[in-house]
Amino acid sequence: MRMGARRRATLREVAVRAGVSIGTASGVFTSNPSVSDQARDAVLAAAAEIGYHPRRRPFQALANGITTIGLLARAEHYVGPANPFYGPVLYGAQSAIAELGLSLVVETLHDRELNANHTPLVVQRRQAQGLLLAGPIDPDYIAMLLSAGTPCVVIDHRAEELPVDCVRADDHQGGYLATRHLIDLGHRDPPPAIITGPATSYSVMTRLKGYRHALSEAGLNVDPRYVRAGRLTAESGREAMAALLDLPVPPTAVFCGNDNTALGAIDLLRDRGVAVPRDFSVIGYDDIAMAAHSVPGLTTIAVDKELLGMQAVWNLVERLRLPRMGVRDTRIGVHLVRRNSTGPRTAA
């Protein structure tokens, strides 16, 4: 930086000052109609206060002829009542792509197509210079895309055996923070339970490692009876919670692999007449919009979902500019959001 030159204000600083997510702040400057008037006014006021001016970069200014980015996601990963996590992720990616002046091609992946013999249309037709891959996708499928010479960035997943960039939440730290919170509230004997998700989900399995780490650090053993597999749905949260309550010595707290699971667990506890958090504590993961409005409000681990999508775009553009750079595993920080679904363990 030249002596005396002022540092350029950043979009993140605008978002912090306005009290909104970075994705919402970006949406103001890309004219996204879903941004509320209240948020728009707050962002514009914050930008004026710190002298932020969005940097408009048309695609002609980007190196290597970058004009279009493709996004591949399974059908269940698009926004909808059953999946409130990936909607903000995809919105964040779209916001970053628009701010760079690029085009986006979206293609849905169906289970029958997720094999090394099926090349997505966006690759067959050479419609995009690089791809974003949302969520868990079979490593053989990713390997096929890489062998076709298509630069990729994986979002909310990691393919450890492949030379592919990924952007994910710091799920080990998140699992640790969630479990540590329950332990600190006195849920030690028996230890907190956990309801996980599919073994194919790298992020969920990493949260399980964080859970084990917190128990070990506190001198507590992992009891297999308190580790329950789920499907990351409210229905499976109900099923796993019922199984935990039916144990000879049921737990007094549970860490759920995502917020949907936690909301299902709370629903089952309500049906069984178990008061939350007086008699039982529940913590979720992701901090979806519904978490703040459930009854009681759901304590959870917050993931900046929009930033996941935006960071993936930025990393993919850098990969396209510098194809020989080393593989990057980018982790986004997480934090505990304490609401009313967790509380101190009461005497039996």
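Under a model in which nothing but the beta-carbon of Lys, Arg (+1) and Asp, Glu (-1) is charged, the chain shows a dipole of about 1080 debye around its Cα centre. Each peptide in 169-176, 286-293, 210-217, 322-329 was scored by the mean count of other Cβ atoms within 10 Å over its residues; highest first, the order is 169-176, 210-217, 286-293, 322-329. Within the accessible surface of segment 104-260, defined with a 1.4 Å probe on protein heavy atoms only, the carbon and sulfur portion equals 48 percent. Put simply, when 180-191, 115-126 are sorted by average Cβ atoms within 10 angstrom per residue, most first, you get 180-191, 115-126.
Ranking 205, 241 by solvent-accessible area of protein heavy atoms (1.4 Å probe, all protein chains present), from largest to smallest, gives 205, 241.
Between 0 and 90 degrees, the angle of helix 171-184 with respect to the longest Cα principal axis of the chain falls at about 30 degrees. Under the simplified labelling scheme, the residue 325-residue 146 pair shows an inter-label distance of 1.8 nm, with each label point 7 Å from Cα along Cα→Cβ. Taking 0.36 nm per residue of separation and subtracting the Cα-Cα distance, full extension of the segment from residue 293 to residue 335 would add 13.3 nm. Across segment 194-206, coupling constants 3J(HN,Hα) worked out from phi with the 6.51/-1.76/1.60 Karplus curve, θ = phi - 60°, read 9, 10, 8, x, x, 5, 7, 8, 4, 5, 5, 5, 6 Hz, and Gly and Pro carry x. Listed values for segment 297-312 are Karplus-derived 3J(HN,Hα) couplings in whole Hz (6.51 cos²θ - 1.76 cosθ + 1.60, θ = phi - 60°), namely x, 8, 5, 7, 9, 7, 10, 6, 5, 5, 5, 3, x, 5, 4, 4, and x replaces Gly and Pro.
For the pair residue 274 and residue 53, the difference between a 0.36 nm per residue extended length and the Cα-Cα distance amounts to 74.3 nm. Sorting 209, 305 by accessible area puts them as 209, 305; the probe is 1.4 Å, largest comes first, and only protein heavy atoms count. Rolling a 1.4 Å probe over the heavy atoms of the protein chains gives the chain an accessible area of 46 Å² per residue.
Here the Karplus curve 6.51 cos²θ - 1.76 cosθ + 1.60, taken at θ = phi - 60°, turns the phi angles of segment 84-99 into couplings of x, 7, 6, x, x, 4, 5, 5, x, 4, 4, 4, 5, 5, 5, 5 Hz, with x standing for Gly and Pro.
Seen through its C-alpha gyration tensor, with square-root eigenvalues sorted a ≥ b ≥ c, segment 205-293 comes out oblate because a/c lies at 1.5 or above while a/b is not bigger than b/c. Near residue 169, the amide H atoms lying under 5 Å from its own belong to 156, 332; only residues 5 or more places off or on other chains count, and H is placed 1.01 Å from N. The relative contact order of segment 232-320, computed from alpha carbon pairs under 8 Å that lie at least 6 residues apart in sequence, is 25 percent. The protection proxy used here, the mean number of other Cβ atoms lying within 10 Å of each residue, ranks peptides 252-265, 85-98 as follows, highest first: 252-265, 85-98.
The values are calculated or read from the model by the stated rules, or taken from the named source; none is laboratory data. Values in this document were obtained by computation on a predicted structure and should not be read as measured data. Positions of Cβ are generated from backbone atoms using ideal geometry, with glycine treated the same way; all protein chains shown enter the neighbour counts. Each accessible area value is taken on the protein alone, full model and side chains, heavy atoms only, with ligands, DNA and RNA left out. Shrake-Rupley method; radii C 1.70, N 1.55, O 1.52, S 1.80 Å.
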